[in-house]
1. Net charge within 9 Å of R11 by Cβ-Cβ distance, Lys/Arg positive one each and Asp/Glu negative one each, not counting R11 itself?
2. Considering all projection directions equally, how large on average is the shadow of the alpha-carbon convex hull of segment 11-60, in square nanometres?
3. Given points 7 Å out from each Cα along the Cα-Cβ axis, report the N54 to E33 separation in nanometres with one decimal.
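Laboratory data are not the source of any read-out in this text; all were calculated from the coordinates shown. Just so it is clear, the model here is predicted, and its values are computed rather than measured. Cβ: placed from backbone, ideal geometry, glycine included. Neighbour counts: every protein chain shown.
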Amino acid sequence: MTESSRRMNLRASLDKPLYAAGEDATLRVEAAEDGFLYLFNVGEDGRVTLFFPNRSEKENRLRAHIPFLFPSDALRAGGVRLPRQPGREPKAI
């Protein structure tokens, strides 16, 4: 297996299985080895938006076995939330 075709062992989960209307979600990501993380939002219209890294948080390097939470407390204080579409829950893929 070449270095470029190797798969990274990554765990992603939400902080709760279900959310009430207006409740905020937090995504937790943990990798088995160092790497880089990119988070995208796919809107109802199919448009894809890069959510992370962003202007406020440019560093997207993940450290092995160190959990990463999104949005961070700083982003949440600035009003950033995980987008939720009516009838759909956020998904960690």
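1. 0
2. Numbers: hull surface 19.5 nm².
Mean orientational projected area (segment 11-60, Cα hull): 4.9 nm².
3. It works out to 3.0 nm between the two label points.
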